[in-house]
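These notes are about the structure you will find just below.
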Amino acid sequence: MHDDRDHDRAHGDDPGGSHRHDHRRLGRELDLFGSDPLIGAGLPYWLPAGAAVRQALERYIQDTERRAGYRHVHSPVLGKRELYEISGHWAHYREDMFPPIGPDRAAPPGDERAPGGERLLLRPSLCPHHALIFRSRPHSYRELPLRMAELGGMYRAERSGVLGGLTRVRAITLNDAHIFCTPDQVADEARAALGLIRRAYAALGIAPARYRLSLPGAGGTYVAAPELWRQSVALLREVLDAAGLPFEEAPGEAAFYGPKIDVQIADPAGRESTLSTVQIDFHQPERFALHYTGPDGSPHRPVMVHRSIIGSVERAVAHLIEHHGGAFPAWLAPVQLAVLPVTDAQVPQAEAVRDRALALDLRAEVVPPDRGTLGARVRDGRLVPYQAVIGPREAADDRLALRLRDGARLPAEPAGAALERLAVEAAAPRG
């Protein structure tokens, strides 16, 4: 479970988003996302440009996970209350969950488990569903580690007064994964998960501010299993030490079922928040009676490693907007190539170039003369990684002279060769 309440506190100090690269302001200016009171607070919608960024990010994460041996699943966003009672979320996380809903309309008010009907909850986490997927068939030790991943929805009953932009939302798309492994495999799997996070940050052009070992603290509600907590904390310390990563301990920031490594990031104003996590969980395998058949033919309890490379997609995109000021890396940019015909006479050639770019899986669009002078259109597209101005000579010769975001101009070359090279340069990095 990706528990991000510490992140919420970090962002609660600046509800107006006053720093220069606030993602809410840029989101409006760049037509990335919006909101409407008829949909509800904390429920932003994604406009085409923002959806393009989000989809590119999601594809990169899923491809990275697939190459790392993860298998993707889909699970429903609803579950019976009993599911979250078993997992411990109902006891420890209930205040952050939405109340039960139908379909038993005859149930009297307050009766959350009426006879003859099911009362369902919007899930606060994906891990109980993944535990049940693991439990759905027998497993041998030879299958482990079993790495299960999902980009799935989860929900938090945030108060309306603390919602804002993409960092505080009620509907979250979580990049989540759970690794079911033997006790001897836990440290290696946690180390590998940290490696995935570090490579993803490099591809995204961001850097961790620090690593934090989040531990239980006084006054919190945690699963009462002292020996398992000691084992989990020792394993995570070993993982951080072996990776050579300096870290700070943070009592009171653990998940209710176990400690975690939190990868902290900082926004342009220097405010810190949690983006990625690695967690070790002995609790839910016990609660759901998970087991695999060991080499001795007997049932053994697996360990669950919870791992999120980028946390919630919403928060990740918010951080990318602010960090890059809207000038995303080429592989993430909403529009990768803007084609600018000088006059209406070159519009057909510009459209042909756009179509060839689209066929190469580039995100391209034509910016026609009716949107302003050529100079104005070039300035308006300053955040687009590549621009191609097509005048009479380029149209006649089928050549392109690409202009880069930093103002540099490349020598003119045949359009086909230029587009193929651009497609390689703008492709998502391999995780």
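If the condition is being closer than 27 Å to ALA193 by Cα, polar (S, T, N, Q) and either in a loop (DSSP other than H, G, I, E, B) or open to solvent by 50 Å² or more (accessible area, probe 1.4 Å) (or both), then the stretch 32-85 contributes GLN55, GLN62, SER75.
How many residues does the stretch 166-183 hold that are of a type in the set (Gly, Ala, Ser) and open to solvent by 20 Å² or more (accessible area, probe 1.4 Å)?
Qualifying residue count for the region: 1.
Of everything listed in (1) hydrophobic (A, V, I, L, M, F, W, C); (2) under 17 Å from TRP331 (Cβ atoms); (3) open to solvent by less than 10 Å² (accessible area, probe 1.4 Å), the single unmet condition for LEU400 is (2).
Of the residues making up the stretch 190-209, at least one is closer than 30 Å to ALA333 by Cα, open to solvent by 20 Å² or more (accessible area, probe 1.4 Å) and in contact with a strand residue (DSSP E or B) (Cβ under 7 Å, 6 or more places away or on another chain).
Considered as a group, the residues in the stretch 320-347 that are out of contact with any helix residue (DSSP H, G or I) (no Cβ under 8 Å at 6 or more places or on another chain) and assigned to a helix (DSSP H, G or I) include one that is most open to solvent (accessible area, probe 1.4 Å), and that residue is HIS323. Filtered by the rule that a residue be open to solvent by 70 Å² or more (accessible area, probe 1.4 Å) and assigned to a helix (DSSP H, G or I), the stretch 349-368 gives GLU351, ASP355, ARG356, LEU358, ALA359.
Only one of these is in contact (Cβ under 8 Å) with a residue 24 or more places away in the chain, open to solvent by 20 Å² or more (accessible area, probe 1.4 Å) and touching a Gly at 6+ places or on another chain (Cβ under 6 Å): PRO268, PRO251. Name it. Can you show your working first?
On the way: PRO268 fails: touching a Gly at 6+ places or on another chain (Cβ under 6 Å).
Unique residue meeting the criteria: PRO251.
Given the conditions (1) on the phi < 0 side of the Ramachandran plot; (2) in contact (Cβ under 8 Å) with a residue 40 or more places away in the chain, which single one is not true for ASP361? Of everything listed in (1) on the phi < 0 side of the Ramachandran plot; (2) in contact (Cβ under 8 Å) with a residue 40 or more places away in the chain, ASP361 misses just condition (1). What are the pairs, 6+ residues apart or on separate chains, where a residue within the stretch 372-394 that is of a type in the set (Val, Ile, Thr) has its Cβ under 6 Å from a residue that is surrounded by 19 or more Cβ atoms within 10 Å (Cβ to Cβ)? Close Cβ pairs satisfying both conditions: VAL384/VAL335; VAL384/ALA338; VAL389/LEU340; ILE390/PRO341; ILE390/GLN346; ILE390/GLN349; ILE390/ALA350.
Considered as a group, the residues in the stretch 148-165 that are part of a strand (DSSP E or B) and open to solvent by 30 Å² or more (accessible area, probe 1.4 Å) include one that is nearest to VAL77 (Cα to Cα), and that residue is TYR155. Which condition does ASP296 not pass, out of (1) modelled with pLDDT of 90 or more; (2) closer than 23 Å to ASP176 by Cα, if it passes all the others? Exception for ASP296: condition (2).
Residues of the stretch 279-311 that are of a type in the set (Lys, Arg) and closer than 22 Å to GLY152 by Cα: ARG307 alone. Return the total of residues in the stretch 396-413 being out of contact with any Lys or Arg (no Cβ under 6 Å at 6 or more places or on another chain) and either among the basic types (Lys, Arg) or over 12 Å from VAL339 (Cα atoms) (or both). Residues meeting the conditions: 12. Residues of the stretch 364-386 that are closer than 15 Å to ALA52 by Cα and in contact with a helix residue (DSSP H, G or I) (Cβ under 6 Å, 6 or more places away or on another chain): ALA364 alone.
Consider the stretch 288-300. How many of its residues are closer than 24 Å to HIS89 by Cα and either among the polar types (S, T, N, Q) or surrounded by 14 or more Cβ atoms within 10 Å (Cβ to Cβ) (or both)?
Summing the residues that are closer than 24 Å to HIS89 by Cα and either among the polar types (S, T, N, Q) or surrounded by 14 or more Cβ atoms within 10 Å (Cβ to Cβ) (or both) in the stretch 288-300 gives 3.
Each residue in the stretch 249-293 was checked for being out of contact with any strand residue (DSSP E or B) (no Cβ under 9 Å at 6 or more places or on another chain) and under 23 Å from ALA177 (Cβ atoms), and 5 of them qualify. Listed by position, the strands (runs of 3 or more DSSP E) inside the stretch 170-258 whose residues that are among the polar types (S, T, N, Q) and at pLDDT 90 or above number at least 2 are 171-181. Residues that are touching a helix residue (DSSP H, G or I) at 6+ places or on another chain (Cβ under 9 Å) and open to solvent by 10 Å² or more (accessible area, probe 1.4 Å) within the stretch 121-147 comprise HIS129, LEU132, LEU144, PRO145, LEU146, ARG147, listed in sequence order. Of all the residues in the stretch 125-184, those that are free of Cβ contacts under 8 Å to residues at least 40 places away in the same chain and under 22 Å from GLU95 (Cβ atoms) number 2.
The values are calculated or read from the model by the stated rules, or taken from the named source; none is laboratory data. Only a predicted model underlies this, so the values are computations on that prediction, with no experimental measurement involved. Neighbour counts run over all protein chains shown; Cβ positions are idealised from the backbone, glycine included. All accessible areas refer to the heavy atoms of the entire protein, side chains included, with ligands and DNA or RNA removed. Shrake-Rupley method; radii C 1.70, N 1.55, O 1.52, S 1.80 Å.
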